[in-house]
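The values are calculated or read from the model by the stated rules, or taken from the named source; none is laboratory data. Everything numeric in this text was worked out from a predicted model, so none of it was measured. Here the Cβ positions follow ideal geometry from the backbone for every residue, glycine too, while neighbour counts run over all protein chains shown. Keep in mind that these areas ignore ligands, DNA and RNA; they rest on the heavy atoms of the full protein, side chains included. Shrake-Rupley method; radii C 1.70, N 1.55, O 1.52, S 1.80 Å.
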Amino acid sequence: MKGLCINPFNNSSVLGGSKNGIVITNSFHKNNYPTHRSFPKIVFSSSSFKISCSATLSVVGEVEEKKTFDSDEATLLLKDLQKVFRSGRTKSYEWRISQLNSILKMLKEKEKDITDAIYKDLSKPQLESFVSEISTAKASCKHALEELSSWMEPEKVQTAITTYPSSAEIVSEPLGVVLVISTWNFPFLLSIDPVIGAISAGNAVVLKPSELAPATSSLLAKLLEEYLDNSAIRVVEGAIPETTALLEQNWDKILYTGSAKVARIVMAAAAKHLTPVVLELGGKCPAVVDSDINLKVAARRLIAGKWALNNGQACIAVDYIITTKEFAPKLIDALKNEIKKCFGENLIESKDKSRIISPSHFARLVKLIDEDKVSKKIVFGGERDENQLQIAPTILLNVPEDSDLMKEEIFGPILPILTVEKIEDSFDIINSKPKPLVAYLFTNNDQLKKNFVQNISSGGMLVNDVVLHLTVKGLPFGGVGESGMGSYHGKFSFDAFSHQKAVMYRSFDGDASLRYPPYTPEKEKLLKVLISGNLYKIFLTLIGMV
């Protein structure tokens, strides 16, 4: 795993440069769950990794003990957590509830610290951070607190006549010690939300935040140490060496959020131990826009699903639009007008959108729109300021399909619009690409809605809006194909970190000789009719009429 290839966008903590000082949180607070030993806080140095990103904060602390977090350290960490898990502490309802309540308390008490850290990493507006990260995490935590007792209840299952008398149930049991590798674009939510699911299911958990959001990573390490039971819930900060060391271990499950390229590395590492994975990736999420719509509302919602969503740096952001040639000019004019209403005339200076995460990501985006066959397709925006890591909201019309802009996930404030003769032709374009994480459709045509749902494969789907499907508690969030595997959110998070164990109970009554040798013709006849499940034939056979 040494020398991992670095993907400059939509990645998680496996990628990018590292900090001068890398901290693994090992100091335990006693809370209500004292540990068997005392752990010092250890600061690990990764001086061999240089900071090439001016947007990345340097986190340097007093070195109490200088050593490398390597595979041996990761092994010791895992063994400690396995010992705690085997003690049964994390399996109790009381422990799970106490940790969830502590997370909720943390979210209430440290809201400003969280929004400040996110701002340092991404210049994300405070309100956007509150809505998309803190309030969403609160809702997830409250939902788990409300529903946990019912989630933990065994699910009754009907048994067959061949097992009479018997009963059966499905028991959800925690998997053990799980690893969560989060990403930088929603650095708090995409760290804490999977942890909520892992705790709800009764697991011990290690969180690896993204080093590309160092302020949030450092805060997560501090807050989880302060509020949670650190004998069972740990945070490891760092970059490629630390993540590599963690991936060498035999976890009971890994949840990774980031790019498909790194997901292959995570999955290959997991395969060595037959470790199951949940991969939350991304892809080119399309938005098909029909002409029979409320254009102003649709334009505003498209803006909300692109530029007001971490400036397009989101796996669920609208990556490109498909509309008809006839309708495209009207749509573009509406988008221009609404963008100016949202962000003002000076789009670069707007304080209502996040900045690009890093210089390397900025350079990649600029390269996409400066490609010869692409730059002349810009119909709005295109301005950029490298010092501020800002690119104005940019719209392009009919970009060539073979351009890099249409081949890879954009993950930024650039929105290509493709045109077709009739709206149904959009299906072929979408289906010619890898399956997206989300597919959006704007229309009032019921038949088009039905055809879209039936013919487009995507992780999720939303008609006449963007992103809001994530707020529905009963819907899973996850991808398909290149956009990921597995899902979480709400009960699906609980299930993702649980094993559904099949259990059947029988008494010693009703023991029938026909299941045991010798197999006489009479036994064979009765056994076959019992297995058929036909009650009428079973009755006739038992009374000797068949």
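Key figures
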item	result
Single unsatisfied condition, Ser458 versus (1) at pLDDT 95 or above; (2) more than 30 Å from Ala137 (Cα to Cα); (3) polar (S, T, N, Q)	(2)
Criterion: of a type in the set (Lys, Arg), touching a Gly at 6+ places or on another chain (Cβ under 8 Å), open to solvent by 10 Å² or more (accessible area, probe 1.4 Å) and under 26 Å from Glu280 (Cα atoms) - qualifying residue of Lys407, Lys435	Lys435
From Glu169, Glu173, residue being in contact with a Pro (Cβ under 7 Å, 6 or more places away or on another chain), of a type outside the set (Val, Ile, Thr) and assigned to a strand (DSSP E or B)	Glu169
Meets criteria (under 22 Å from Phe186 (Cβ atoms), touching a residue at least 12 places away in the same chain (Cβ under 8 Å) and open to solvent by less than 10 Å² (accessible area, probe 1.4 Å)) for Ile369	no
Qualifying residues in the stretch 120-147 (those that are buried (at least 17 other Cβ atoms within 10 Å of the Cβ) and hydroxyl-bearing (Ser, Thr, Tyr)) - the one farthest from Ala308 (Cα to Cα)	Ser140
Residues being at negative phi, open to solvent by 20 Å² or more (accessible area, probe 1.4 Å), small (Gly, Ala, Ser) and not in a helix (DSSP H, G or I) - total across the stretch 300-346	1
Restricting the stretch 372-398 to residues that are within 30 Å of the chain's Cα centre (by Cα) and open to solvent by less than 20 Å² (accessible area, probe 1.4 Å), the residue that is farthest from Gly412 (Cα to Cα)	Leu396
Of all residues in the stretch 266-276 being buried (at least 20 other Cβ atoms within 10 Å of the Cβ) and part of a helix (DSSP H, G or I), the one that is farthest from the chain's Cα centre (by Cα)	Ala269
Qualifying positions in the stretch 378-404 - outside any strand (DSSP E or B) and either free of Cβ contacts under 8 Å to residues at least 12 places away in the same chain or closer than 30 Å to Asn445 by Cα (or both)	Asn387, Pro393, Asn398, Val399, Pro400, Glu401, Asp402
The one condition in (1) hydrophobic (A, V, I, L, M, F, W, C); (2) touching a Pro at 6+ places or on another chain (Cβ under 8 Å); (3) under 30 Å from Lys124 (Cα atoms) that Ile430 fails to fulfil	(3)
Residue list for the stretch 277-299, filter: in contact (Cβ under 8 Å) with a residue 40 or more places away in the chain and open to solvent by 30 Å² or more (accessible area, probe 1.4 Å)	Ser291, Asp292, Ile293, Lys296
Any hit, the stretch 89-103, residues being within 30 Å of Gly312 (Cα to Cα), touching a helix residue (DSSP H, G or I) at 6+ places or on another chain (Cβ under 9 Å) and in contact (Cβ under 8 Å) with a residue 12 or more places away in the chain	yes
Selection from the stretch 442-460 of residues that are open to solvent by less than 40 Å² (accessible area, probe 1.4 Å) and either among the basic types (Lys, Arg) or more than 21 Å from Leu281 (Cα to Cα) (or both)	Phe442, Thr443, Leu448, Phe452
2 or more residues under 17 Å from Asp352 (Cβ atoms) and of a type in the set (A, V, I, L, M, F, W, C): qualifying helices (runs of 4 or more DSSP H) within the stretch 87-154	111-122
